[in-house]
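I have a structure here, written as structure tokens, and I will follow up with some questions on it.
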Amino acid sequence: MMEMEKFQYDNKIVRMFFWATVVWGITAFLVGLTIALQLPAPAFNFSTSWLTFGRLRPLHTNAAIFAFVGNGIFMGYYYAAQRLLKARNFSDVLSKVHFWGWQGIIVSAALTLPAGITTAKEYAELEWPIDIAIALIWVAWGVNMMGTILKRREKHLYVAIWFFIATFVTVAMLHIVNSFEVPVSFWKSYPLYAGVQDALVQWWYGHNAVAFFLTTPYLGLMYYYMPKAAQRPVYSYRLSIIHFWALIFLYIWAGPHHLLYTSTPDWAQTLGTVFSVMLIAPSWGGMLNGLLTLRGAWDRVRQDPILKFMVVAVSAYGMSTFEGPMMSLKNYNAITHFTDYTIAHVHVGALGWNGLLTFGMLYWLAPRLWATKLYSVKLANVHFWLATLGMIFYVIPMYWTGITQALLWKQFTPEGLLVYPNFLETVLQLVPMYWTRAFGGTLYLAGSIVMVYNLVKTARAGAPIPDEEVEAAPLQPIVAEPGESKHRWLEARPIHFLVLSLVAVAIGGIVEFVPMFVVKSNIPTISTVTPYSPLELEGRDIYIKEGCFNCHSQMIRPFRSETERYGEYSKAGEFVYDHPFLWGSKRTGPDLHREGVGKLRKPDAWHYSHMEKPTLMSPGSIMPPYPWLLERSNDYDDLEKKISVMRTLGVPYPEGYEEQALADLKKQAEGIVSNLKEAGIETTWDKEIISLIAYLQKLGTGILPK
């Protein structure tokens, strides 16, 4: 008889990530509610630069994705993996490095993003020192995970482990490739890529951050915690194999569907659409595998709040993964893109799939981590209904708002004129739905506060078990068994599995990137497009710092409604000097790509007054004021380094231009100061507002005369 080995599971690390998930979850929801209130009521910007919508929105997305969901992933992983592998974590030291390093990254994001330190790349806004820290901590987790797998006592890897392996290798690849940047200073860098190329790389990353951070690890958690909560085996092992390999191979190709009707080449847009539509099959295969696991357990679902959370979570996953491919169709995308419809879509996934599954895991883990019963099943049910109703009150108004926006933007009179030529008219009609969305967010936050009370009471009623004593037979030498399937053979060889997963996810990126970076015809050059002047470059950095790209796009699509409103549609060659690209993903305000030309061009004094008090120039505007731009001086200490870095990146500034840049900047700035003085506005050349005005007046001038 085989001798059993005694060992211990590390529950301390699980509890650490447990409380981090709870704390950062409340934080993310609170920041989200704040920015939800800022749209119908600009007073919630509190007249301070640190708390404007433009700066808080990336804080909210980073807190929700990397703080709340990230800690939820690691909490669920550290509990499940040890038990599935029948082994303690490879290194307790690496576990602690992982925990404290991840919390340090979150805190650094909480300090830098409200300060305006951002790269402007969605879901990748953190600057280069933090990017390096993320890579190091991610590798620490990966080493710990693979070390645990290699010392396991279970021969075959369960499906949840497959998803954790794919998450590790793919997120590492995505993060590293998207984060290539050249530092200007400790808190400032410019990305290696520009314009159309930067857009393709960013949305290859951005879409697959959703795929491989918000989806694949949570599918791994679903495959462990849902069967455990239901006390039922997974419905189909074969379906899980098809689900896994099809999902990780297809998902990586779909990023360009975020760039439909943009200046991205048509072939890339088509690839994104085709693979997005194909994604329905593996996505719904996973959803059905989860829901059918509950066959025969539906009576328990009606009584158990944990299963209620999980069922609605998986249903939300099914809804969002059906809707995503639909939004990848060009006719559908023409309506939904740049509108609040996209906000509704992502929150079905975030609030429903990620949020509710995390809540279910927390309620399932608490009694096991503290060796007691859940304090109150009734309160858990109250939380379930508050969370579900909160999600409904959030997403339905946003779907309605998105469709309303698109129809208002595109509506013409019988004479062929825009019904709403003033963009602000379309915004003001959305305010009641913004209030409703905020009410839904309040319900969701209230439910989470109820959960915190329930979990704290549960923990206090029990006693933590830091090291859980267990025993299992040691892993025997791995040999091929007669009749063993190829996949069972692969499951016994984790290094092979990791390499094959990396190959599967790398193919799509290589096929999309090579033509974009090698074939010059993908980005036709335009002789009249010139680099930003030193003053315009500084103004662009201020535009990025204030997060203006969170509300304004710079991409006029080839629709008559857009060219009538904004002017000539955007061309790929106009963005060749844009490090980073600033096409945006939502229009709370009008598109700005032709702000400096034609009928959209406004006097310098208009921009000055608009930033000082938006409602003065646009009555009823929901944009917050930016008075600090009028008061704050720019020292231009980094100007020479910025010019040098831009030249390194391929921007054709003359050799030695650094020495002349400040003089040119001052000359252009004094011209704007002179214009303002004629309008009765007194200011000095070094104010931040002067740089911002110069940048706004530059927009669109590359192919059209001023």
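The values are calculated or read from the model by the stated rules, or taken from the named source; none is laboratory data. Given the structure is predicted, the values throughout are model-derived calculations rather than measurements. Note that we place each Cβ from the backbone using ideal geometry, even for glycine, and neighbour counts take in every protein chain shown.
Check the range 600-615 and report whether any residue there is aliphatic (A, V, I, L, M), more than 31 Å from the chain's Cα centre (by Cα) and under 21 Å from E682 (Cβ atoms). Don't jump to the end; show me each part of the working.
From the range 600-615, those aliphatic (A, V, I, L, M) are 600, 605, 611; that's our starting set.
Checking which are more than 31 Å from the chain's Cα centre (by Cα) leaves us with 600, 605.
Those still in the list that are under 21 Å from E682 (Cβ atoms) too: 605.
Within the range 600-615 (the criterion being aliphatic (A, V, I, L, M), more than 31 Å from the chain's Cα centre (by Cα) and under 21 Å from E682 (Cβ atoms)), the answer is yes, since at least one residue qualifies.
Also: Between a first residue in the range 550-566 that is closer than 28 Å to R55 by Cα and a second residue that is outside any loop (DSSP other than H, G, I, E, B) and of a type outside the set (D, E, K, R), which pairs have beta carbons less than 6 Å apart while being 6 or more apart in sequence or on different chains?
As it stands, the answer is N550/G54; S553/F338; I556/Y566, since those pairs meet every condition given.
Here is a follow-up. With respect to the numbered conditions (1) surrounded by fewer than 20 Cβ atoms within 10 Å (Cβ to Cβ); (2) under 18 Å from G440 (Cβ atoms), which one is the sole condition not fulfilled by K378?
Of the numbered conditions (1) surrounded by fewer than 20 Cβ atoms within 10 Å (Cβ to Cβ); (2) under 18 Å from G440 (Cβ atoms), the odd one out for K378 is (2).
Then there is this: Whether any residue in the range 401-417 is crowded, with 20+ Cβ neighbours inside 10 Å, closer than 30 Å to F384 by Cβ and of a type in the set (A, V, I, L, M) is what I want to check. Write out each step before concluding.
We begin by selecting, within the range 401-417, every residue crowded, with 20+ Cβ neighbours inside 10 Å; these are 401-402, 405-406, 409.
Filter once more, so that each one left must be closer than 30 Å to F384 by Cβ: 401-402.
From what's left, of a type in the set (A, V, I, L, M): none.
Scanning the range 401-417 turns up no residue that is crowded, with 20+ Cβ neighbours inside 10 Å, closer than 30 Å to F384 by Cβ and of a type in the set (A, V, I, L, M).
Between L630, L665, which is surrounded by 15 or more Cβ atoms within 10 Å (Cβ to Cβ), assigned by TED's automatic domain parsing to the domain that holds I556, in contact with a Leu (Cβ under 8 Å, 6 or more places away or on another chain) and of a type in the set (A, V, I, L, M, F, W, C)?
Values: L630 fails: in contact with a Leu (Cβ under 8 Å, 6 or more places away or on another chain).
One residue alone meets the criteria, L665.
Which one is surrounded by the fewest Cβ atoms within 10 Å (Cβ to Cβ), of the residues in the range 217-228 that are more than 15 Å from A316 (Cα to Cα) and either at pLDDT below 95 or of a type outside the set (A, V, I, L, M) (or both)?
Only one residue tops the list, namely K228.
Which residues, taken from the range 596-626, are in a loop (DSSP other than H, G, I, E, B) and over 18 Å from Y695 (Cα atoms)?
First, pick out the residues of the range 596-626 that are in a loop (DSSP other than H, G, I, E, B): 596-597, 601-603, 613, 618-626.
Passing the criteria: K613, S618, P619, G620, S621, I622, M623, P624, P625.
Does the range 472-494 hold any residues that are surrounded by 11 or more Cβ atoms within 10 Å (Cβ to Cβ), out of contact with any Phe, Trp or Tyr (no Cβ under 6 Å at 6 or more places or on another chain) and hydrophobic (A, V, I, L, M, F, W, C), and which are they?
Residues satisfying the conditions are A472, A473, L475, I478, W489, A492.
To keep it simple, each residue is scored yes or no on (1) in contact with a Lys or Arg (Cβ under 8 Å, 6 or more places away or on another chain); (2) under 22 Å from F549 (Cα atoms); (3) assigned to a helix (DSSP H, G or I).
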site	(1), (2), (3)
L629	yes, yes, yes
D637	no, no, no
K641	no, no, yes
G656	no, no, no
V673	no, no, yes
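Continuing with this model, one more query. Could you figure out which of (1) touching a Ser or Thr at 6+ places or on another chain (Cβ under 7 Å); (2) surrounded by fewer than 23 Cβ atoms within 10 Å (Cβ to Cβ) isn't true of T21?
The one condition T21 does not meet is (2).
Looking at K12, K6 in this structure, which one is at pLDDT below 95, among the basic types (K, R) and either under 30 Å from G360 (Cα atoms) or out of contact with any Cys (no Cβ under 9 Å at 6 or more places or on another chain) (or both)? Steps first, please.
Details: K12 fails: at pLDDT below 95.
After applying the criteria, what remains is K6.
Here's something else I'd like to know. Considering only the range 418-469, how many residues are touching a helix residue (DSSP H, G or I) at 6+ places or on another chain (Cβ under 8 Å) and hydrophobic (A, V, I, L, M, F, W, C)?
17
Do we have F212 as touching a Gly at 6+ places or on another chain (Cβ under 6 Å), under 28 Å from K486 (Cα atoms) and not assigned by TED's automatic domain parsing to the domain that holds W102 here? It would help to see each step written out before you state the result.
On the way: touching a Gly at 6+ places or on another chain (Cβ under 6 Å): no; under 28 Å from K486 (Cα atoms): yes; not assigned by TED's automatic domain parsing to the domain that holds W102: yes.
Taking the combined requirement at face value, the residue does not satisfy it.
For A572, work out the one condition from (1) within 28 Å of L662 (Cβ to Cβ); (2) within 31 Å of the chain's Cα centre (by Cα); (3) surrounded by fewer than 21 Cβ atoms within 10 Å (Cβ to Cβ) it doesn't fulfil.
(1)
Any idea which residue in the range 570-592 is farthest from G402 (Cα to Cα), counting only those that are modelled with pLDDT of 95 or more and among the polar types (S, T, N, Q)?
S570
May I pose another question? Is it true that K687 is touching a helix residue (DSSP H, G or I) at 6+ places or on another chain (Cβ under 7 Å) and either under 19 Å from K613 (Cα atoms) or of a type in the set (A, V, I, L, M) (or both)?
Working: touching a helix residue (DSSP H, G or I) at 6+ places or on another chain (Cβ under 7 Å): yes; either under 19 Å from K613 (Cα atoms) or of a type in the set (A, V, I, L, M) (or both): yes.
Criteria met by K687.
From the list E568, E612, which one is over 20 Å from V196 (Cβ atoms) and acidic (D, E)?
Numbers: E568 fails: over 20 Å from V196 (Cβ atoms).
E612 is the lone residue from the list that is over 20 Å from V196 (Cβ atoms) and acidic (D, E).
Now, a different point. Does the range 321-346 hold any residues that are of a type in the set (S, T, Y), in a helix (DSSP H, G or I) and surrounded by 21 or more Cβ atoms within 10 Å (Cβ to Cβ), and which are they?
Restricting attention to the range 321-346, the residues satisfying the condition of being of a type in the set (S, T, Y) are 321, 328, 332, 336, 339, 341-342.
From the residues that got through so far, the ones that are in a helix (DSSP H, G or I) too are 321, 332, 336, 341-342.
Those that are of a type in the set (S, T, Y), in a helix (DSSP H, G or I) and surrounded by 21 or more Cβ atoms within 10 Å (Cβ to Cβ): T321, T336, Y341.
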